[in-house]
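Each remark here refers to the structure printed beneath this line.
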Amino acid sequence: MARRTIGQAERRFAALVLLPAALLLLVFRIVPLLWGFALSFTNANGLGSADWVGLANYQAVVADEAFQDALVNTVLVLSTLPVWIMLPMLLALLIHQGVPGGRIFRAVYFLPAVLSSVIVGSIFNVVLRFDGSLNAALKAVGLHPVDWLGNGWTALLSLVTVYLWSTFGMSVLIFMAGLSTINQEMLEAAKLDGARFWARLRFIVIPTLRPIIEFVAVVTTIGLLTGMFGLIYVLTAGGPGTATTLPEFLIWLEQGKLNRPGYAAAISAVLFVLMAGVAWAQVRIMSRNADL
Amino acid sequence: MGRIAGWLIGTALAAAPTLSMAQELTVWDWKSGDPAAANYFAAVKTAFEAAHPGVTVNFVMQPHDQYYTLLGTALGSSSGPDVMLLHGGSQATSRAEALRPLNDMAEGFAGVADFTAGDKTIALPLTIQGFVVYYNKALYEAAGLDPSKPPQTWDELKAVCDAFKAQGTVPCFAMGNKEGFGGDFFLSSLAADLFTPEEQAQMATGDLPWTSPHMRTIAETWVQTSQDGWYPEGANATAKFMDEYEMFMRGEAANTIGLLSDVAHWKQFEEFLGPENVGVYVHPAPGTSDLRLPVSGGIGYAVNASSANADLAADLVKTLSAPEQAAIFAVDTGALPASTAVDTSALSSPTLGTILGLMNGPTSPLAHAVMAPTVMEEWHRQSQLLVSGETTVDDALARMEEIRLQAKSN
């Protein structure tokens, strides 16, 4: 009886402690989310009363070529995920192996991560514009200049590369933290047994780093889906055409510039469901691997 | 102690009516931080607050490129400003529902049509907006052209651009189409010459098909001029404001389609290139000898219908657009005033003289400004794809027509 009373008191205390966080979550996350879903079923234009239009916005989203293009662009961007994992991991490995100047490289790699996307965008606007420094370098060695940001074939690739440059330093640090947890004796033993670098990488380093790789994969995926707005805004404004339009940029465009918050809410809802699906799949994979 | 308490209570009671009468009007714009417009805003504040004791006017400058996003959010949440600056055309008329009618104040202004939705005048214009081609006379001379004779027909313009292409030093036109504005300006410049009055009326109501012959001429000419090398490479990655105009002001392009308002206009160009080096002409179009200046209401002030002080805010709009204040704005910024009562004699330059002469000739409304926002956004995209060669004129026009019909049905 005494234990039960203590349990109830503990539950009450736990509820009390959780209450502020739960309230904040409710007010600033759940309510806006539900409000956004409700908005997506209206023809709200942000000015007057909004009428219920049922699934009309969702039908329009499915038929919207700009949204379809944005989804294709998202898939293209996400297809670069292996590069986002392999490159920082290899660089972290090199620094961890003690290459000369490793500390300097670590700082240099991380430096762009502290710059805002607007600053990064402004820097690369100078580099990538047609009369920019990259094309000047190409011309200096006898190559043709490229309209990096103004051509649909190169604009998205340029954007992803700039985003990679500006954020991969964080992943390098995470991988270095992971590398420091590897049992050095095991690596030494493998070396003594004749295991070469790639064998040690494949059979010791990568299996040990698996949780880190998964973490970087999840964080990078979220970053790619939600963190590129600033760069798109500064470098390409979503163009040419829809070549660099990602769903979050389209939502901003529809909500503000085109004055269609109801429609923008429908795109947001679709994006929410897609992202929830991706996150669920990643969590499932991580959980399964954790059980192995 | 009792005397002090009594004094405090007395002071509080005396101040109470003043405090209760104190009112604040908030004005949103993208101009009030501009040093060139500082005298205008100070004059408005002084005049209005002197005429309305107890009322304070606060100007809040918002970033221009996010202005309508912020405004839409504020109006949607009923927390918008009392008064707001708007561009003429669809940016104003698409918000008509949220704006107080100002019909009783619209006498004596040019360009009111661009701030009218149905029979409701929703803003008082401060300036006139329009497009002309500014050219660099020194570059014309260097290319062997007569700087005193700017092109008056399409063939003459082609000859000018052929001369610059042959010379190979600077492109014929500076061009920025990163946000699609280059496509907008080109479309309005050619449409002014090409469209019949019936087509202009159809354009204003969203009824002009994009597959019509004149629309096709505009799209084909946009592509042809790009392919003929009239513009520098990289136009899709160049911002019109201000990369394109900085290029022209540095003397790195011979022509640019510029504005009549307070940026990218004669005054700014004269400051950089010298008044003797800046010329101006109306953009010709292929297949017609008509030259019409594309011109409409520029920017204007509107009143938030849900403002608690809507009538007072309407009074403020009257002051913001009054001839005395508009004259200060015109003289300091070089913008052409919408109020017909403004004395523009203090503005003097050879370029402006030419512009004022052009304004007395045939004019035509800005075609792009009356497009539905979704149609305009799609033209931004298609104009980029046409420049980069990623679509054809047929496909682009078909897509534009599809979007026009969608916008019309909504």
Report summary line: If we keep only residues of the range B:231-250 that are among the aromatic types (Phe, Trp, Tyr) and within 14 Å of chain A (Cβ to nearest Cβ), then the residue nearest to the chain's Cα centre (by Cα) is B:Phe241
**Report entry** Out of B:Ala335, B:Ala253, B:Ala285, B:Ala302, sole residue that is buried (at least 22 other Cβ atoms within 10 Å of the Cβ), within 14 Å of chain A (Cβ to nearest Cβ), assigned to a loop (DSSP other than H, G, I, E, B) and not aromatic (Phe, Trp, Tyr)
**Finding:** B:Ala253
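Conditions tested, residue by residue: (1) on the phi > 0 side of the Ramachandran plot; (2) at pLDDT 90 or above; (3) within 12 Å of chain B (Cβ to nearest Cβ).
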site	(1), (2), (3)
A:Glu188	no, no, no
A:Leu224	no, no, no
A:Val234	no, yes, yes
A:Glu248	no, yes, no
A:Leu258	no, no, yes
Report task. For the range B:71-99, name all the residues that are closer than 21 Å to A:Trp252 by Cβ and of a type outside the set (S, T, N, Q). Result -> B:Leu71, B:Gly72, B:Ala74, B:Leu75, B:Gly76, B:Gly80, B:Met84, B:Leu86, B:His87, B:Arg95, B:Ala98
Report summary line: Within the range B:338-388, the residues that are within 14 Å of chain A (Cβ to nearest Cβ) and without any contact (Cβ under 8 Å) to a residue 60 or more places away in the chain are B:Thr374, B:Glu378, B:Leu385
Query raised in the report: For the range B:118-138, does any single residue satisfy the condition of being assigned by TED's automatic domain parsing to the domain that holds B:Ala313 and in a helix (DSSP H, G or I)?
Result: no
Query raised in the report: Within the range B:157-182, restricting attention to residues that are over 22 Å from A:Gly239 (Cβ atoms), assigned to a loop (DSSP other than H, G, I, E, B) and touching a residue at least 60 places away in the same chain (Cβ under 8 Å), which residue is farthest from the other protein chains (Cβ to nearest Cβ)?
Result: B:Cys172
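Return the total of residues in the range B:196-219 being hydroxyl-bearing (Ser, Thr, Tyr), more than 16 Å from B:Met376 (Cβ to Cβ) and not in a loop (DSSP other than H, G, I, E, B).
Narrowing the range B:196-219 to residues hydroxyl-bearing (Ser, Thr, Tyr): B:196, B:205, B:211-212, B:217.
Cutting the leftovers down to more than 16 Å from B:Met376 (Cβ to Cβ) gives us B:196, B:211-212, B:217.
When the remaining residues are screened for being not in a loop (DSSP other than H, G, I, E, B), the result is B:217.
Residues in the range B:196-219 being hydroxyl-bearing (Ser, Thr, Tyr), more than 16 Å from B:Met376 (Cβ to Cβ) and not in a loop (DSSP other than H, G, I, E, B): 1 in total.
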Query raised in the report: Scanning for something over 25 Å from A:Ile104 (Cα atoms), away from chain B (no Cβ under 14 Å), assigned to a loop (DSSP other than H, G, I, E, B) and over 29 Å from the mean Cα position of the chain (by Cα), does the range A:127-139 turn up at least one residue?
Result: no
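State the number of residues belonging to the range B:257-274 that are assigned to a helix (DSSP H, G or I) and surrounded by fewer than 19 Cβ atoms within 10 Å (Cβ to Cβ). Walk me through how you get there before you give the answer.
Our first condition is that a residue be assigned to a helix (DSSP H, G or I); within the range B:257-274, this holds for B:266-273.
Subset that is surrounded by fewer than 19 Cβ atoms within 10 Å (Cβ to Cβ): B:271-272.
Total meeting the criteria: 2.
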Report task. Could you list, in sequence order, all residues of the range A:116-137 that are farther than 16 Å from A:Ala237 by Cα and exposed (fewer than 14 other Cβ atoms within 10 Å of the Cβ)? Result -> A:Ser116, A:Ser133, A:Ala136, A:Ala137
Report task. Residue by residue through the range A:140-164, note down the ones that are within 12 Å of another protein chain (Cβ to nearest Cβ), outside any loop (DSSP other than H, G, I, E, B) and over 21 Å from the mean Cα position of the chain (by Cα). Result -> A:Gly152, A:Trp153
Requested in this report: Could you grab me the full set of residues in the range B:124-145 that are in contact with a Phe, Trp or Tyr (Cβ under 7 Å, 6 or more places away or on another chain) and more than 11 Å from B:Gly279 (Cα to Cα)?
Outcome: B:Leu124, B:Pro125, B:Leu126, B:Phe131, B:Ala143
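Per-residue answers, yes or no, for (1) at pLDDT below 95; (2) out of contact with any helix residue (DSSP H, G or I) (no Cβ under 6 Å at 6 or more places or on another chain):
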{"site": "B:Ala14", "(1), (2)": "yes, yes"}
{"site": "B:Tyr40", "(1), (2)": "no, no"}
{"site": "B:Ala43", "(1), (2)": "no, no"}
{"site": "B:Phe48", "(1), (2)": "no, no"}
{"site": "B:Thr56", "(1), (2)": "no, yes"}
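Does the range A:227-248 contain at least one residue that is exposed (fewer than 13 other Cβ atoms within 10 Å of the Cβ) and either of a type outside the set (A, V, I, L, M, F, W, C) or free of Cβ contacts under 8 Å to residues at least 24 places away in the same chain (or both)? Can you show your working first?
Residues of the range A:227-248 that are exposed (fewer than 13 other Cβ atoms within 10 Å of the Cβ), as a first pass: none.
Scanning the range A:227-248 turns up no residue that is exposed (fewer than 13 other Cβ atoms within 10 Å of the Cβ) and either of a type outside the set (A, V, I, L, M, F, W, C) or free of Cβ contacts under 8 Å to residues at least 24 places away in the same chain (or both).
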Query raised in the report: Quick one: what pairs do we get from the range B:58-70, first residue under 20 Å from B:Val44 (Cβ atoms), second in a helix (DSSP H, G or I) and at pLDDT below 85, C-beta under 8 Å, 6+ apart or different chains?
Result: B:Gln62/B:Leu70
Requested in this report: Scan the range B:324-331 and give yes if some residue there is at pLDDT below 90 and surrounded by fewer than 24 Cβ atoms within 10 Å (Cβ to Cβ), otherwise no.
Outcome: yes
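Every residue, every condition in (1) without any contact (Cβ under 8 Å) to a residue 60 or more places away in the chain; (2) within 14 Å of another protein chain (Cβ to nearest Cβ); (3) more than 24 Å from the chain's Cα centre (by Cα), yes or no:
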{"site": "B:Asp184", "(1), (2), (3)": "no, yes, no"}
{"site": "B:Met215", "(1), (2), (3)": "no, no, no"}
{"site": "B:Ser226", "(1), (2), (3)": "no, yes, yes"}
{"site": "B:Gly229", "(1), (2), (3)": "no, yes, yes"}
Query raised in the report: Got at least one residue in the range B:213-221 being surrounded by 20 or more Cβ atoms within 10 Å (Cβ to Cβ) and in contact with an Asp or Glu (Cβ under 6 Å, 6 or more places away or on another chain)?
Result: no
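Of the residues in the range A:209-227, how many are more than 12 Å from A:Ala279 (Cβ to Cβ), more than 8 Å from the chain's Cα centre (by Cα) and aliphatic (A, V, I, L, M)? Outline the logic, then answer.
Let us first name the residues in the range A:209-227 that are more than 12 Å from A:Ala279 (Cβ to Cβ), namely A:209-216, A:220, A:223-224, A:227.
Adding the requirement that they be more than 8 Å from the chain's Cα centre (by Cα) leaves A:209-216.
If we keep only those that are aliphatic (A, V, I, L, M) too, we end up with A:209, A:212-213, A:216.
So the answer is 4.
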Query raised in the report: Is it the case that B:Asp193 is of a type in the set (D, E, K, R) and either assigned to a loop (DSSP other than H, G, I, E, B) or within 14 Å of chain A (Cβ to nearest Cβ) (or both)?
Result: no
Query raised in the report: What is the one condition in (1) in a helix (DSSP H, G or I); (2) within 12 Å of chain A (Cβ to nearest Cβ) that B:Thr391 does not satisfy?
Result: (1)
Query raised in the report: Restricting the search to the range B:112-141, which residues are farther than 22 Å from B:Ser364 by Cβ and of a type in the set (Asp, Glu)?
Result: B:Asp119, B:Glu141
**Report entry** Identity of the residue in the range A:161-219, more than 30 Å from A:Val127 (Cβ to Cβ) and among the aromatic types (Phe, Trp, Tyr), that ends up surrounded by the most Cβ atoms within 10 Å (Cβ to Cβ)
**Finding:** A:Phe215
**Report entry** Subset of the range A:75-95 [crowded, with 18+ Cβ neighbours inside 10 Å and either acidic (Asp, Glu) or under 23 Å from A:Ile182 (Cβ atoms) (or both)]
**Finding:** A:Trp84, A:Ile85, A:Pro88, A:Met89, A:Leu91, A:Ala92, A:Leu93, A:Ile95
Query raised in the report: What pairs can you find where one residue is in the range B:84-101 and within 11 Å of chain A (Cβ to nearest Cβ) and over 16 Å from B:Gly130 (Cα atoms), the other is hydroxyl-bearing (Ser, Thr, Tyr) and not in a helix (DSSP H, G or I), and their Cβ atoms are less than 8 Å apart, with a gap of 6+ or different chains?
Result: B:Ala98/B:Ser306
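The values are calculated or read from the model by the stated rules, or taken from the named source; none is laboratory data. It should be emphasised that the depicted structure is a prediction, and the values quoted were computed from it without experimental measurement. Reconstructed Cβ throughout: ideal geometry from the backbone, glycine too, with neighbour counts over all protein chains shown.
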